[in-house]
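Heads up: the structure comes next, in structure tokens.
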Amino acid sequence: MPNARAQRVLVVEDESLVAMLVEDILVDSGYDVIVAMRLEAGLSLAREADVHLAVLDVNLGEGNSYPIADILRERGIPFLFATGYGALGLSSAYQGIPTLQKPYHPDQLIKQVMQLNTSALFAH
Amino acid sequence: MSLLESERQLQAVLSNATVAIFLMDERQHCAYMNRAAEELTGFTLSEVLARDCPLHDVIHHKRPDGSHFPLEECPIDRAFPTNDREQGEEVFVHKDGSLYPVAFTASPIRDKEAQVIGTIIEVRDIREEKAAQERQRLLINELNHRVKNTLATVQSIAAQSFRTLSDREPLEVFNSRLLALSRAHTILTDENWESASLLLLIESTIEPFGRPRFTLKGPDQRLTTKFTVTLAMVLHELAVNASKHGSLSVSDGRVDITWSIEDAQLHFEWVEVNGPKVSPPQYAGFGSRLIRRQFAMEFNAEVNMSFKQAGLVCMVDVRLPSFTDQFHLGQYLPALNEVGRDT
């Protein structure tokens with residue numbers, strides 16, 4: 001769905017099939033999506049890409065996505081975690097970050113992403 | 001240092017050691033055991049000396065099944081003539097008749113002329129370790145069981161949810177993908193979620209498409225769990241496409257799968273032979289996206305698909321993920337245990 005005002009979401013997810021699902025859910029709701037499946041790719045996109053929001057898987061196989069989260073925080077880009085371990089599996093430094101437990105309903109993802117957006121607007 | 005003083009020191013070392021230490025003479029009789037050895041076996045040194053028989057017949061005379069264990073067959077006994085630091089695990093018999101697992105290290109003692117005159121044996125109680133291993137085994141079994149049941153449950157939910165659809169094809173597509181995933185999990189389950197054989201994974205994924213229609217050529221290789229699961233899905237999509245549009249859609253078509261591995265660099269080729277003329281647009285959608293985009297991104301793979309006269313040729317070049325980065329199930333077991341209690 002081409003949309004001139006579409007917001008761009010960075011999705012970091014290391015499982016191919018899950019990445020496809022997240023991308024489809026967001027694209028179907030009118031977002032532009034950039035996907036990173038490996039830590040290095042996630043880090044460089046978090047540093048350089050023009051994104052408004054991000055959805056981060058926590059466990060990336062080669063490590064976790066906390067370094068990506070730190071960059072996003074520094075840049076003031078709101079993000080949420082989507083993880084199979086749920087909020088309890090998060091390191092204490094990230095306890096306040098919105099978290100979705102996998103698997104989730106597509107509507108839950110969209111709702112949380114929209115909330116990120118609202119909080120971002122108020123922050124400005 | 002006087003002889004008396006050094007003997008006192010040695011005594012202090014032995015009495016305070018937490019590992020059991022036995023000193024055996026050339027007849028395999030126990031000449032000395034420290035306090036930890038007395039606690040472990042239930043016998044005092046004087047009791048053992050009074051028995052005047054090989055130590056084996058006091059603390060190691062029964063096998064775990066209860067049958068008699070002759071001295072000649074004892075692996076600790078084998079340390080006596082030659083080997084230094086013979087190690088292993090055995091099951092000992094306590095004074096009260098109970099059996100307990102131990103880890104031992106046995107080394108010969110030599111005199112000035114290098115003649116073997118006895119054996120020194122260290123023994124450690126490994127009941128706790130064995131119990132922990134057993135708990136881990138039970139948890140892995142439980143996890144395997146749940147994964148399988150969950151996949152079967154998902155299959156049922158899909159069947160129930162789509163039963164009113166007149167078009168059966170989407171459900172068929174779903175079932176065959178779910179079963180491909182399940183087959184990969186079966187291989188991983190059989191290997192305790194540590195690794196999977198590349199050859200076995202290929203064999204198992206192509207099996208539903210008619211094994212005689214494939215030729216396989218390449219060395220076997222251990223794959224990490226994550227690579228195993230994604231590769232299974234990739235191979236499945238290639239096979240599905242071949243049977244719908246490619247070489248497996250005609251009677252004498254086949255697929256030649258060849259691969260080579262050098263320094264963890266995998267070169268893999270899927271070559272369809274004797275197929276109908278295929279054109280690129282036929283190959284789109286889920287399979288194409290999974291292979292060309294996701295698989296390539298997930299593993300930094302180079303994927304090349306070309307549509308030749310005889311069918312699809314898919315070439316993959318990828319560095320196989322190393323096992324040092326792999327998620328270890330064991331390290332997460334306490335957490336899984338917690339989750340299990342909550343649900």
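The values are calculated or read from the model by the stated rules, or taken from the named source; none is laboratory data. All values reported here derive from a predicted model rather than from experimental measurement. Every residue, glycine as well, gets a Cβ built from its backbone with ideal geometry; the counts of neighbours run over all protein chains shown.
The condition of being modelled with pLDDT under 95 and farther than 25 Å from residue B:293 by Cβ holds for only one of A:59, A:3, A:117, A:64, that being A:117.
Residues in region B:1-44 that are part of a strand (DSSP E or B) and either of a type outside the set (D, E, K, R) or buried (at least 18 other Cβ atoms within 10 Å of the Cβ) (or both): B:20, B:21, B:22, B:23, B:24, B:29, B:30, B:31, B:32, B:33.
One residue is enough: does region B:260-276 have a residue meeting the conditions out of contact with any strand residue (DSSP E or B) (no Cβ under 6 Å at 6 or more places or on another chain) and either over 16 Å from residue B:317 (Cβ atoms) or assigned to a helix (DSSP H, G or I) (or both)? Yes, there is a match, as at least one residue in region B:260-276 is out of contact with any strand residue (DSSP E or B) (no Cβ under 6 Å at 6 or more places or on another chain) and either over 16 Å from residue B:317 (Cβ atoms) or assigned to a helix (DSSP H, G or I) (or both). Note on region B:234-257: residues that are of a type in the set (A, V, I, L, M, F, W, C) and either surrounded by fewer than 22 Cβ atoms within 10 Å (Cβ to Cβ) or part of a strand (DSSP E or B) (or both) amount to 4. For region B:88-113, which residues satisfy the criterion of being at pLDDT below 90, out of contact with any Lys or Arg (no Cβ under 7 Å at 6 or more places or on another chain) and not charged (D, E, K, R)? Passing the criteria: B:88, B:106, B:108, B:109. Of the residues making up region B:153-183, those that are of a type in the set (Ser, Thr, Tyr) and under 30 Å from the mean Cα position of the chain (by Cα) are B:153, B:176, B:182.
Of the listed requirements (1) away from chain B (no Cβ under 14 Å); (2) touching a residue at least 12 places away in the same chain (Cβ under 8 Å); (3) surrounded by fewer than 21 Cβ atoms within 10 Å (Cβ to Cβ), residue A:102 misses just one: (1). Exactly one residue among B:158, B:103 is part of a helix (DSSP H, G or I), surrounded by 11 or more Cβ atoms within 10 Å (Cβ to Cβ) and among the small types (Gly, Ala, Ser), and that residue is B:158. Out of A:40, A:74, A:23, which single residue is surrounded by fewer than 16 Cβ atoms within 10 Å (Cβ to Cβ), within 14 Å of chain B (Cβ to nearest Cβ) and of a type in the set (Asp, Glu)? From the options A:40, A:74, A:23, the qualifying one is A:40. Scanning region B:258-272 for residues that are surrounded by fewer than 15 Cβ atoms within 10 Å (Cβ to Cβ) and touching a His at 6+ places or on another chain (Cβ under 7 Å) returns a single hit, B:260. You will find that of B:227, B:295, the residue that is in contact with a Pro (Cβ under 7 Å, 6 or more places away or on another chain), part of a helix (DSSP H, G or I) and surrounded by 17 or more Cβ atoms within 10 Å (Cβ to Cβ) is B:227 and no other. Each residue in region A:43-61 was checked for being within 14 Å of another protein chain (Cβ to nearest Cβ) and touching a Pro at 6+ places or on another chain (Cβ under 8 Å), and 1 of them qualify.
For (1) at pLDDT below 90; (2) under 17 Å from residue B:208 (Cα atoms); (3) more than 14 Å from chain A (Cβ to nearest Cβ), each residue gets a yes or a no:
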| residue | (1), (2), (3) |
| --- | --- |
| B:238 | no, yes, yes |
| B:241 | no, yes, yes |
| B:245 | yes, yes, yes |
| B:251 | no, yes, yes |
| B:255 | no, yes, yes |
| B:267 | no, no, yes |
| B:273 | no, no, yes |
| B:276 | yes, no, yes |
| B:279 | yes, no, yes |
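Residue-level check: of (1) modelled with pLDDT of 95 or more; (2) touching a helix residue (DSSP H, G or I) at 6+ places or on another chain (Cβ under 6 Å), residue B:197 misses just (2). Checked against (1) more than 12 Å from chain B (Cβ to nearest Cβ); (2) under 12 Å from residue A:11 (Cβ atoms); (3) among the small types (Gly, Ala, Ser), residue A:29 meets all criteria but (2). Mind checking whether some residue in region B:204-217 is within 15 Å of residue B:257 (Cβ to Cβ) and either part of a loop (DSSP other than H, G, I, E, B) or within 14 Å of another protein chain (Cβ to nearest Cβ) (or both)? Scanning region B:204-217 turns up at least one residue that is within 15 Å of residue B:257 (Cβ to Cβ) and either part of a loop (DSSP other than H, G, I, E, B) or within 14 Å of another protein chain (Cβ to nearest Cβ) (or both).
Restricting B:93, B:48 to those that are over 21 Å from residue B:117 (Cα atoms), in contact with a strand residue (DSSP E or B) (Cβ under 7 Å, 6 or more places away or on another chain) and among the β-branched types (Val, Ile, Thr) reduces the list to B:93.
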